[in-house]
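Notes to accompany the following structure.
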Amino acid sequence: MQFMLLFSRQGKLRLQKWYVPLSDKEKKKITRELVQTVLARKPKMCSFLEWRDLKIVYKRYASLYFCCAIEDQDNELITLEIIHRYVELLDKYFGSVCELDIIFNFEKAYFILDEFLLGGEAQETSKKNVLKAIEQADLLQESQTEDWGGLANEEIL
Amino acid sequence: MSDVVEKTLTALPGLFDSQTGAAKITNRLKQLIKSITELTSKHEEENLMKQELSAMKEQVSSPNTTMKQMREVMVRAMYCEMLGYDASFTYIHAIKLAQQGSVLEKRVGYLAVSLFLSEGHELLLLLVNTVLKDLQSTNLIEACMALTVVAQVFPKDMIPAVLPLVEDKLSHPKEIIRRKAVLALYKFYLIAPNQVQHIHAKFRKALCDKDPGVMTSSLHIYLQLIRESPDDYKDLTGSFVAILKQVVGGKLPMDFNYHNVPAPWLQIQLLRILSLLGREDQSTSELMYEVLDESLRRAEMNHNITYAILYECVKAVYTIHPKAELLEKAARCIGNFVLSPKINLKYLGLKALTYVVQHDAKLALQHQMTIIECLDHSDFTIKRETLELLFRITNAQNVTVIVEKMLDFLRGCNDEHTVIHLVGKVAELAEKYPFHSLTGRLLQRMTLSRVHKKYISSYKINTNLLCVSFYFTSYVPIITLTFAPDNSWFIQTMNDVFSIGGDLLQQDVPNNFLRLLAEGSESKEEDDELRLYAVDSYLTVLKGDTSHLPQRFLQVMSWVLGEYSDLQECVDQREVIRLLTKLLDQRSVTSETRVWILSALTKISEGQTDLILDLSESLSYSQDTVLRQQAQELRHLSRDSQLHEWALPRGAPWDSMEVDSSLSFLDGFVSEALAAGAAPYKPPHQRQEELCEERALNLEPYSFSLPVSLSSCSITDRQSPTMLSVSSGISGNSTELSQKAGSSTVILEGVKRVWGKDGYLPQKETAATAPPVDKPSIAVQSSGQQEAAERTEPQPEPPMQNQDKQQLASSLFVGLGAQSSISLLGKSEAPPPRFRKKPRPHESSSSSGTSERSSVSSSRSSHSTTDGFLYGSLLEEEPATSISGVDHTPKSTTANGLGQNKHTDGDRRTNTSQILGSDMVIVRPNTIQDKYPSSVSSDLTALLPPDLKDLPHSDVISLTSDPSLSLASCRVFRDEALLLVIFICNCTETVIKDVAVQLTCEELQTASLRGNVVDCLEGRSTSVCHYALLMDDPHTNVSFTGTVSYQTQPGHTNTLSFSGTLSTADFIRPLVVTTEEYGKLWLSLSHDVKQNLKLLTAAGDPLRTTLNALKDALQLHVVDIIGSEGIVACRLLSGAPCLLHCRVNGAALAMWLRSPHPALPDCILYHCQRALAEH
């Protein structure tokens, strides 16, 4: 996978993950073009799109579009299921996820994505394992919050 | 130890209330998000963001900001960047956060790093230590985070630093760590394959891991490895089949199920691997028939995911060695896809069909009605895929209809990529089926005049053009297309192509059109007729409204008018001049086009002094220096008719133009200037490099122009590998320094003095390379008008639709049924493509070619040296040997080629002796081909042409054979190219006719030198053909494929395909330099790679032994060996050099490579490793 974008019905970018090195300018250009193209497509049209020399696989969930760019020899359908699995993961983690969850906790959404896809390839496809990894890190995070918070206060005082 | 951590963790959560901390942290962000959503205009948003960013800037630079606050800032920075605002000032703090923060902050820090910095960002270097520390951490989470970031972004050069730690993680007790480590190694393999060469054994261990997740991850690496060289992994087929069997049989834990399908991702990965392994390999394929059958059977059609697996399965079945039973099942599966009401599945069905019809065209017949429906589908994607499918089923009977359909689509398409892609396909079709009489005529012309090979490409593109022409005249009933169109039709259509295609057209379209006009055919009459039509037609066009015409079209017109307007006797030349001058006044005309117009005017100016003087007078005040210069030329030429005649001889054959590309006529001038103290000329790239170097060294502000600090920097910072090169570096540097100091002033002065106020070469070049101003709107508009006019033609009536479809079906699928009996032979019945697909090195030269005549400054020819080698020197060096059937001596060459030729001929002898002199083995051991043992008697080498016999060459290996022909090849190492000599042996007693060899290789430039077409090969005789291969960009291995077609009986063509692999080692040549030169060169090279290699300790001095082994394997030149260090040099053919510095470091050989080419060191390192491993 070359990159993954999440954007809203209004064309606002909600998440972006690039697995190929590109300049910021290029990224912005691609995002703008793709958001435009995908939003212009009608609901009955198929979820695949040939774009430049890539294949775009996108799917809409409520107000959010999930959009992945893959290479020609990659399997479009399985990419569609990768998107679906990611949505499932988000759903499980946030508890019936909605766009606001992702807007306000986008870093969490990134953490989940990084546990699921690494370097553009599916890393762990077991839902249980992905969530376990996230929960562990979260747990540690909470514990550290308290510890470190205390220390920081001491320092300031 | 990590278990301890885990236990503490699980005990912790009850101890504190986690809500408050997290809430506080994200407060600022929430505020920001909320206030942004409340804003109504983009402007307000920008203002708010400006405030936000400056607040953040203040916060990050304040020393009082705690790590906790920094973490919060970082999240906001990520948000800002996502909105498209630049927050690059936080990047360094992201790294700091990852480095200094607690686990909590680290996590955010690492995330920010992976989002902000992409591969190659210089700040990443600062991350290396942090990653190292975290990889060694006993904290599971920290190690996980470090591995996650390593698998996403990591500086390539620093891989050796973390590699051992990552490798260790492969045997970590926790599967999550092992999994991430495998993916990190996968990433390393992708960006620097040679770095992970040695751990293949560990990959195998990962494949056998007891955790399915780790095993799945390892498949990414295997897919990649097997894609590159399937033969090395055939032994694993059994394991992959066994794994797939277990997965399909539901033996994996339920966790890995996805919608009740066991581990679909794993299944798909395995199916892909199997199809790669089984391709063209019957015995390996047999191992997997059973499991594929099982997969096809098990996958019940209930969910997308099963379709995904089925699709992959079908592809695998059709890729591996065919088995009738499986093919039948797979074909039925495809039916399910194609007929599905779900559009996604339909798309996949079409895609599968596209893949499958190559093997079995009659499958398309079964679904013809669906295909017809898809052709008119409202979804662009479906339509395009259908065309792709149709493209694959073309034959001589349906090609007109299919091309028509493709062009119909092109008409409504405004996506540039699609247009370029599809036009290419149309061209390919036109190539294959020269049904059209005009095309036929072109082909005939081509054979008649036996034009030089290189022109074939121009004809090829022209047939492409013709097809585009059909598109524009598609309102003409199809039947008329088979009539011989006359010249006026051709020109008129080309006019449409240019005016509609506009400036989106690829440059070679007009170039080739002009070339066709200029070169003409055998019959001068016919040519002139065509040219006359062109002139007439253009004059008519120019008399109308010219403001909407695309630049390309104007350029074509002005060239043709300049060249041929004198053919038309009834038109006054003054009228032509007036029309062209009118164009110059148009605001919309770009300066590039103006140059074309002025060139044309220069050509026809003879005798019209009054008009011309006015013109040049008005232009001599132009802002554009190029125009000013041309106006100047124009004035001189129109005053002096003798000079005009000499510079632009009327009616001279345009290919006999002598181009002195070496600018030798300026030699006297240059030596004078040098004597007067001017600095020697440096080519732009060298200046650029030096400039870059200076910049790289520029550590202090303002030190740029201070030579003193520069020199100190270059000695201290460009670490020289040895004392030896330090000293040479200093001396080299001092000379460089003086040049540098001079270059900034003297050369500029020189330019002024040399070229005077009119400016000459440099400005001209910049003007030529300036991007042409695109006018797509004009093109669209005019095409719209055109189409509107066309649309008035009768359209099929709605009630007739169904019948129409039937008719369309019969015309589309004609010819498929008849061939179904031999369907497994696929497309073999199709005539072989007439033209060899060729890289187009002429794109650049042809543009200058057409304008060469246009001005006296013919010196601007841009023939690249590659061209010279490929088409000039090699081609003509000697007459073909007696055994080669056809002499392909070109009819004409450019003067450039000839010059080159003489030069290399002279050089070659010295080069040869140079190679031989450095005790080079004449017969080099095979590097890659060794793996495919073949028994070819070496007596074939005796057939090598005499001029090649003395060159170093490889053994002769067999390529392919069938009962009538057998092919063998031998690689001959020339200094500037690799020659692939192919021996074609007739194994029968009878004569074989029309033997034609075709060779293609994507990564290399190939050129057939001679003998690739043999009219008649006697029984039991052998013919030799040569290909020259050039490698511009290093690839570790490249493979070439080719076909040979021949006739044993008249009218019955057989084809035999072959393939082979070449390694970079075949393209490496020794670079003979002295130690001083080496030192200088070393400092000037930018890309370096370091690696420890195995030291051969068999006998004697280990360094010397190792270097000699490398030299033998790779044609390196050992420059010097001093103590425990050795320096070695080589180059890629006659291109980029690569310097190797080797030092004995304990039991290893520390190798440091430098080259101007970024990928070359990696490649050479890879081959060094290989050579030493095999030793």
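Nothing in this text is a laboratory measurement; each read-out follows from the coordinates by a stated rule. Just so you know, these numbers come straight off a predicted model, no measurement behind them. No Cβ is skipped: glycine too gets one built from the backbone with ideal geometry, and neighbour counts run over all protein chains shown.
Using the Stokes-Einstein relation with a Kirkwood hydrodynamic radius computed over Cα pairs, the translational diffusion coefficient of the range B:522-598 at 25 °C and a viscosity of 0.890 mPa s comes to 193 µm²/s. Positive-end ranking of B:P63, B:I33, B:C80 along the dipole of the range B:24-99, with charges on Cβ about the Cα centre, is headed by B:P63. Evaluated over the range B:138-213, the count of Lys pairs having alpha-carbon atoms less than 19 Å apart is 16 (only pairs 8 or more residues apart or interchain). Quick one: which of B:K251/B:K323; B:K342/B:K383; A:K108/B:K68 span more than 19 angstrom between C-alpha atoms? Beyond 19 Å between Cα atoms: B:K251/B:K323.
Sorting B:D545, A:D114, B:D536 from the fewest to the most surrounding beta carbons within 10 angstrom yields B:D545, B:D536, A:D114.
Each Lys and Arg contributes +1 and each Asp and Glu -1, all at the Cβ; summed about the Cα centre of the range B:551-601, the dipole is approximately 300 debye. When Rg and Dmax are taken over the Cα atoms of the range B:295-377, they come to 12.1, 35 Å.
How would B:E1174, B:E81 line up from fewest to most surrounding beta-carbon atoms within 10 angstrom? All intermediate terms of the calculation are to be shown ahead of the outcome.
Numbers: B:E1174 11, B:E81 20.
So the residues, fewest neighbours to most, are B:E1174, B:E81.
Taking Cβ atoms as reference points and 12 Å as the exclusive limit, the residues near B:S285 contribute a net charge of -1, counting Lys and Arg as +1 and Asp and Glu as -1.
Ranked by the mean number of other Cβ atoms within 10 Å per residue, highest first, peptides B:372-381, B:999-1008 order as B:999-1008, B:372-381.
For A:F104, B:F665, which order do you get if you count the other beta carbons within 10 Å of each Cβ and list the fewest first? Kindly include the intermediate steps, with their values, before the conclusion.
Details: A:F104 16, B:F665 9.
Ordered by Cβ neighbours within 10 Å, fewest first: B:F665, A:F104.
Any of A:K44/B:K315; B:K949/B:K993; A:K59/B:K245; A:K17/B:K30 with alpha carbons more than 25 Å apart? Name them for me. Write out the running numbers ahead of the final one.
Numbers: A:K44/B:K315 27 Å; B:K949/B:K993 28 Å; A:K59/B:K245 32 Å; A:K17/B:K30 22 Å.
Among A:K44/B:K315; B:K949/B:K993; A:K59/B:K245; A:K17/B:K30, the Cα-Cα distance tops 25 Å for A:K44/B:K315; B:K949/B:K993; A:K59/B:K245.
Taking the range B:540-604, which GluC sites (Glu not before Pro) meet the DSSP loop condition and have no more than 14 other C-beta atoms within 10 Å? Within the range B:540-604, the qualifying GluC sites (Glu not before Pro) (loop, at most 14 other Cβ atoms within 10 Å) are B:E569.
Which FRET efficiency value, to the nearest 0.05, is calculated for A:S96 and A:D72 with the Förster distance at 41 angstrom and r the Cβ-Cβ distance?
Details: r = 36 Å, r/R0 = 0.88.
The value I calculate is 0.70.
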